[in-house]
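Okay, structure first, notes after.
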Amino acid sequence: MNLAFTQLGFHRIEAHINTDNPASVKLAERVGLEYECTRKGFIYEFGEWTDNLIYCKNSPG
């Protein structure tokens with residue numbers, strides 16, 4: 001994330017995670033992302049609209 005913020009100039013990093021993927025939630029939290037919200041009906045997958053958990057981190061500067 002340091003590279004994204006300092007060298008690439010990103011101001012925000014987001015992870016969009018399916019609600020049935022606890023391993024990705026653990027990884028997001030381990031690297032410093034924080035839960036922001038659940039987006040209902042966000043992605044159309046396998047014939048239905050699915051919810052996604054949004055984890056994010058804003059630039060420290």
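Evaluate the Kirkwood expression for the hydrodynamic radius of the chain, namely the inverse of the mean inverse distance over all pairs of different C-alpha atoms, and round to one decimal in Å.
12.4
With a sphere of radius 13 Å drawn around the Cβ of LEU53, what net charge do the other residues whose Cβ falls strictly inside it have (Lys, Arg +1; Asp, Glu -1)?
Neighbour charge sum, excluding LEU53 itself: -3.
Keeping the other protein chains in place, figure out the carbon and sulfur percent of the accessible area of the range 1-48, with a 1.4 Å probe.
Reported share for carbon and sulfur atoms: 54 percent.
For the chain, what is the accessible area per residue in Å² when the probe is 1.4 Å?
That works out to 74 Å² per residue.
Determine the calculated [θ] at 222 nm for the chain from helices alone, applying -39500 (n - 2.57) to every DSSP H run no shorter than 4 residues and normalising by the residue count; nearest 500 deg cm²/dmol.
Result for the chain: -5500 deg cm²/dmol, rounded to the nearest 500.
Work out, step by step, the length gained on full extension between MET1 and GLU29: first 0.36 nm times the residue separation, then minus their alpha carbon distance; give nm to one decimal.
In short, 8.8 nm is gained.
Just by accessible area at a 1.4 angstrom probe, what is the order of GLU36, GLU45 from largest to smallest?
The residues order as GLU36, GLU45, largest area first.
The values are calculated or read from the model by the stated rules, or taken from the named source; none is laboratory data. Nothing here was measured: the structure is a model prediction, and the numbers come from that model. Positions of Cβ are backbone-derived with ideal geometry, glycine not excepted, and every protein chain shown enters the neighbour counts. Areas reflect the complete protein model, heavy atoms only, side chains present, ligands, DNA and RNA absent. Shrake-Rupley method; radii C 1.70, N 1.55, O 1.52, S 1.80 Å.
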